[in-house]
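The values are calculated or read from the model by the stated rules, or taken from the named source; none is laboratory data. Every value quoted in this text rests on a predicted model; they were computed, and no experiment measured them. No Cβ is skipped: glycine too gets one built from the backbone with ideal geometry, and neighbour counts run over all protein chains shown. The accessibility values were calculated without ligands, DNA or RNA, using every heavy atom of the protein model including side chains. Shrake-Rupley method; radii C 1.70, N 1.55, O 1.52, S 1.80 Å.
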Amino acid sequence: MAATTTVGSIKKHFGRLKDPRVVGRSQHLLVDIIVLAICGVIADCDDWHEIVLFAQKRLAWFQRFLKLPNGVPSHDTFERVFSKLEPRAFQCSCLAWLRAVADLLGMGHIAIDGKTLCGSAGSKWGPLHLVSAWATEANLTLGQVAVDGKSNEIRAIPVLLELLDLHGALVSIDAMGCQREIAKKIVAGGGDYVLAVKGNQEHLLEDVQATVERALNGELPAQVVLQHQTTEQGHGRQENRSYVVVHDVKGMRDRQAWPKLKAVGMCCSERTVKGQTTTEVRYFIGSRKMGVRQYAKVLRGHWRIENNLHWQLDISLGEDASRIQQRQGAGNFALLRKLALSLLKRNPAKDSIARKRKAAALDLDFLAEILAGSGEATED
């Protein structure tokens, strides 16, 4: 019953998706292909051949709620369909369904970051780079935009922001996205920003450093200077972090160019592993007036995108090993991985993502449970 209800929800959200194939010459329904692909990626399948094999072995189960008029499509059919599906339209359908399943109210903290699909490097276009939006609190993918390389992230981020409902959201981006126009777009969309600062904006890093230094030297009123320290231990390492947030931006020469600029800050991270200590200092600007602990939570949440999204995609869903090189096909399969990861993380089982995938392949009731999106987000 759960699977039937879920497929009904999928049909509702994918019903308007344009079929890229020639009308009247298709042997398989588009919605059947999409459902098989989503289920296959959840159930430990990392390419089209594996999805076909899984569907063939579970054909009787799928026939309970899919029409499958000509059985399971071939891997060539999957590859051809997903290479022709318009990425933005497919993404809108996927994310609309995911948000409905997760019952997501409000975006909270959104981390935006890029990742290169290493397995696509053999393509004649070079490696595919995806800029993704991730809801850090809900552990849900919110969108992605494909570009030809990391240097093109600046152009991709505004496009990605247009896909998101930013009202009330707090968007964090690394230094590549520390651009005035990006900040303006976030604020115009009803959100706030926390942007990492390096030397890619004239005077900005210098002024942030000077403001933090004045704060630490006691040259600013105590009420505008907030500090916080944390210590974490585990896995053979210890990390001490010191945060400084300054709610005084008068010393910023270009402050009018950054909409709603309310705070600047610094995080100094000292990590000790096997007796060796390294130190890293990061600077940032923010448009929301909030406490230092809240800024610390956002900064930590942004850095966790590496573990909760990128690392999981590579290690648990085999993204870097993927050899799909056709541009749209690779991008659409990457979206399937993110969709699957979001649903797997929502399931309350304590197993790792990799074990959940294997369990879904072996236990169809568990697969149906994951598709239903029940439970709360986990950090595994």
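The figures follow:
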| read-out | value |
| --- | --- |
| Restricting region 296-324 to residues that are without any contact (Cβ under 8 Å) to a residue 12 or more places away in the chain and either of a type outside the set (D, E, K, R) or not in a helix (DSSP H, G or I) (or both), the residue that is most open to solvent (accessible area, probe 1.4 Å) | 311 |
| Of residues in region 187-214 being assigned to a loop (DSSP other than H, G, I, E, B) and within 17 Å of residue 260 (Cβ to Cβ), the one nearest to the chain's Cα centre (by Cα) | 191 |
| Count of residues meeting criterion [within 12 Å of residue 77 (Cα to Cα) and either touching a Pro at 6+ places or on another chain (Cβ under 8 Å) or surrounded by 21 or more Cβ atoms within 10 Å (Cβ to Cβ) (or both)] in region 37-63 | 4 |
| Which listed residue, of 293, 288, 282, is over 21 Å from residue 157 (Cβ atoms) and open to solvent by 60 Å² or more (accessible area, probe 1.4 Å) | 293 |
| Criterion violated by residue 125 - all others in (1) over 19 Å from the mean Cα position of the chain (by Cα); (2) of a type outside the set (Gly, Ala, Ser); (3) surrounded by 15 or more Cβ atoms within 10 Å (Cβ to Cβ); (4) at pLDDT below 90 satisfied | (3) |
| Tally of residues being of a type outside the set (A, V, I, L, M, F, W, C), closer than 18 Å to residue 319 by Cα and either at pLDDT below 85 or in contact with a Phe, Trp or Tyr (Cβ under 7 Å, 6 or more places away or on another chain) (or both) across region 98-122 | 4 |
| Verdict on residue 167 being part of a strand (DSSP E or B), open to solvent by 20 Å² or more (accessible area, probe 1.4 Å) and over 12 Å from residue 285 (Cβ atoms) | no |
| Condition check for residue 357: open to solvent by less than 10 Å² (accessible area, probe 1.4 Å) and in contact with a helix residue (DSSP H, G or I) (Cβ under 9 Å, 6 or more places away or on another chain) | yes |
| Region 325-336 - residue that is in contact with a helix residue (DSSP H, G or I) (Cβ under 7 Å, 6 or more places away or on another chain) and open to solvent by less than 40 Å² (accessible area, probe 1.4 Å) and, of those, farthest from residue 135 (Cα to Cα) | 329 |
| Among residues of region 210-221, those that are open to solvent by 70 Å² or more (accessible area, probe 1.4 Å) and either touching a Lys or Arg at 6+ places or on another chain (Cβ under 9 Å) or within 23 Å of residue 297 (Cβ to Cβ) (or both), counted | 1 |
| Yes/no for residue 21 being over 20 Å from residue 329 (Cα atoms) and either open to solvent by 50 Å² or more (accessible area, probe 1.4 Å) or in contact (Cβ under 8 Å) with a residue 60 or more places away in the chain (or both) | no |
| Within region 222-249, considering residues that are outside any strand (DSSP E or B) and modelled with pLDDT under 95, the one surrounded by the most Cβ atoms within 10 Å (Cβ to Cβ) | 236 |
| Near pairs, Cβ below 8 angstrom, 6+ apart or cross-chain, from region 271-284 (under 21 Å from residue 209 (Cβ atoms)) to any residue that is charged (D, E, K, R) | 278/270; 278/271; 279/270; 279/271; 280/271; 283/198 |
| From the options 362, 339, residue that is free of Cβ contacts under 8 Å to residues at least 12 places away in the same chain and either surrounded by 20 or more Cβ atoms within 10 Å (Cβ to Cβ) or within 23 Å of residue 6 (Cβ to Cβ) (or both) | 362 |
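Residues checked against (1) closer than 17 Å to residue 324 by Cβ; (2) free of Cβ contacts under 8 Å to residues at least 40 places away in the same chain; (3) among the small types (Gly, Ala, Ser); (4) not in a loop (DSSP other than H, G, I, E, B):
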position: 41; (1), (2), (3), (4): yes, no, no, yes
position: 49; (1), (2), (3), (4): yes, yes, no, yes
position: 53; (1), (2), (3), (4): yes, yes, no, yes
position: 56; (1), (2), (3), (4): no, yes, no, yes
position: 66; (1), (2), (3), (4): no, no, no, no
position: 71; (1), (2), (3), (4): no, yes, yes, no
position: 79; (1), (2), (3), (4): yes, no, no, yes
position: 89; (1), (2), (3), (4): no, no, yes, yes
position: 97; (1), (2), (3), (4): no, no, no, yes
